[in-house]
Structures are given as structure tokens and as C-alpha cells.
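Working notes, beginning with the structure itself.
The values are calculated or read from the model by the stated rules, or taken from the named source; none is laboratory data. Keep in mind the model is a prediction, meaning the values are calculated, not measured. Note that each Cβ is placed from the backbone with ideal geometry, even for glycine, and that neighbours are counted across all protein chains shown. To get the accessible areas, we keep the full protein, side chains included, count just its heavy atoms, and leave off ligands, DNA and RNA. Shrake-Rupley method; radii C 1.70, N 1.55, O 1.52, S 1.80 Å.
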Amino acid sequence: STIQLRPDGELRNAASTSRRVFGNIVVRMQEALADPPVAILSVPETMPRCDRVVLHASDSQPGGGGLMFPLNYSFSVKPGVPQHLRLSQILHAVPPSTSVAELDASLLEVGVSYTF
């Protein structure tokens, strides 16, 4: 049986019988559930103090059993480090369609381990 959800809120079946519907619908794709996306984040191990830190996630791979859905990216830093709030603000401002985030190295303290 095939149904069609229309933008005007109608639900139409193959016999073109339609009814107005309200609420939510969950659409599942078995292939997508079986093959989740793989996040790959590239970061420098060490850097000169004056450089920018670049978090690079463009090597991440979409899941979906081979279906090519665009990825949405989200960057964060683990709490408990100096400048956590400022770093979080910068990272959360990166648009979801952008796979690269940049941080000014002066926001990172020498000798502190940061987890992104």
C-alpha cells in the first residue's frame, strides 16, 4: 500500500482517497539504520603558539547502507578546561553544513589536554 503525505496536511492513498491528518510520522529506512555514519576528526598533535587550531571533519563518512545523505557537523569541547565557555560558543557557532572549525590558539593553554 502506498500513501502520499502532502504539504497541505492531507494523507492520500493509492485510490486517491484523502483525509486531513494532524500529528507526527516516523519514517524509517532499514538500510540507514544498519550502517551509521562514521565521524573522523583530524586535529594537530602539537602546534606553535601563534597558529590557529583547525578541527577537520570532512573525512567523516555518511551511513545509510551506501545512500549518500549529506552530513550535519557539530563541534564541541569536553568541559573542565580553561576557556571552556568561550571555546564552546565558537564551536557551536559553526554552521551544521561546515566540516571545518577553527580556533585561535591563544584560547588554548599550554600543558592542558583538550578533548574535542
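Quick notes on this structure:
- Filtered by the rule that a residue be small (Gly, Ala, Ser) and under 13 Å from SER76 (Cα atoms), region 100-113 gives a lone residue, ALA101.
- Failed item in (1) in contact with an Asp or Glu (Cβ under 9 Å, 6 or more places away or on another chain); (2) modelled with pLDDT of 75 or more, with LEU41 passing the rest: (2)
Residue-by-condition table, conditions (1) part of a loop (DSSP other than H, G, I, E, B); (2) aliphatic (A, V, I, L, M); (3) open to solvent by 50 Å² or more (accessible area, probe 1.4 Å); (4) farther than 24 Å from GLN61 by Cα:
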position: LYS78; (1), (2), (3), (4): yes, no, yes, no
position: LEU85; (1), (2), (3), (4): no, yes, yes, yes
position: GLN89; (1), (2), (3), (4): no, no, yes, yes
position: PRO96; (1), (2), (3), (4): yes, no, yes, no
position: ALA101; (1), (2), (3), (4): no, yes, no, no
position: GLU109; (1), (2), (3), (4): yes, no, yes, yes
position: SER113; (1), (2), (3), (4): yes, no, yes, yes
